[in-house]
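J.: Dropping a structure here in structure tokens format, bear with me for questions.
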Amino acid sequence: MARAAALRINSPDGTRANFELNRWPITVGRAAHDSGADVKLGPDPQRWVGRLHCTLDYDGGLWWVTDNSSVNGTLVRQNGRTERLRGRRRLHHGDVLLVLGDMTPDGAPLYWELIFLDPHTTRQAPFGLPAETADSGPSLRYDWVAAKAYRVEGNGSQTLVEGLRPKGHQLVRYMAGRSSDGAAVACDHAELITALWGPREEWAAQRAYNRMDIAGVVHAVRLVIEIDPRNPRILETVTGIGYRLNVSQSEPS
């Protein structure tokens, strides 16, 4: 679970609060005795906010948001663009959910702002700007078609032909696939366990997987991809969370 994820809530009158996303699903709704919402938005005497307005859920290592057919809808601001939420949408660090909370006497809308904060996952670049890339040190490029990994440093790269076992390939492929345009990506332990061994209900009887199993795969991968496995710079540990892979999109040379 992405334990660092949270909502920073700004009310229409400027009041601020934080809500940690330490379980799921999380419902957002009107602050009323009968709402049952986890995140209560109020006061709301005009009932702009739905009883259970929208829902945030955690699935496949990612956070998602769905509008619950609310009367006034939910808006999403991503990459400088604001549009109505339709269907289910993945949330990225810095995305803002807008819920109508009031109106001025001349009809200008006043919104609740729910800012999604998940700094340990890949960040989308601001609209019109390139994604943050891991260009300060060595990184890894993975060729999905040829199933080959390359260590990229400076203007050169080295093919890592031997040593990656199937689970190592799965780990690298999954984390590289989570990256966007060469941005470093961090994944928590639970996400990686699911990626490598499937959901708990699919595990064999009497078998369980935990952080030690992930650590074993990570150690084996580091022996192959790192110049100094004792001082990893490509597949790094994120203390208390999981691991971060510094990814390169450059072509091997």
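The values are calculated or read from the model by the stated rules, or taken from the named source; none is laboratory data. None of the values given here were measured: they were computed from a predicted structure. Cβ coordinates were reconstructed from backbone atoms using ideal geometry, including for glycine residues, and neighbour counts include every protein chain displayed.
J.: So how many residues does the range 35-49 have that are part of a strand (DSSP E or B) and touching a Lys or Arg at 6+ places or on another chain (Cβ under 8 Å)?
T.: The initial filter retains those residues of the range 35-49 that are part of a strand (DSSP E or B), namely 39-41.
Narrowing further to those that are touching a Lys or Arg at 6+ places or on another chain (Cβ under 8 Å): 40-41.
Of the residues in the range 35-49, 2 are part of a strand (DSSP E or B) and touching a Lys or Arg at 6+ places or on another chain (Cβ under 8 Å).
J.: Let me ask something else. Going by what's in this entry, would ASP44 be described as acidic (Asp, Glu) and either in contact with a His (Cβ under 8 Å, 6 or more places away or on another chain) or in contact (Cβ under 8 Å) with a residue 60 or more places away in the chain (or both)? Even if it seems obvious, please write down each step before you answer.
T.: Numbers: acidic (Asp, Glu): yes; either in contact with a His (Cβ under 8 Å, 6 or more places away or on another chain) or in contact (Cβ under 8 Å) with a residue 60 or more places away in the chain (or both): no.
Here the answer is no, as ASP44 does not meet what is asked.
J.: Quick check: anything in the range 225-246 in a helix (DSSP H, G or I) and free of Cβ contacts under 8 Å to residues at least 12 places away in the same chain?
T.: No, there is no match, as no residue in the range 225-246 is in a helix (DSSP H, G or I) and free of Cβ contacts under 8 Å to residues at least 12 places away in the same chain.
J.: Next up: Going by the structure shown, is ILE193 under 21 Å from ARG90 (Cα atoms) and modelled with pLDDT of 85 or more?
T.: yes
J.: Here's something else I'd like to know. Run down ASN18, ASN79 and say which single residue is among the polar types (S, T, N, Q), loosely packed, with under 15 Cβ neighbours inside 10 Å and touching a residue at least 24 places away in the same chain (Cβ under 8 Å).
T.: Among ASN18, ASN79, only ASN79 is among the polar types (S, T, N, Q), loosely packed, with under 15 Cβ neighbours inside 10 Å and touching a residue at least 24 places away in the same chain (Cβ under 8 Å).
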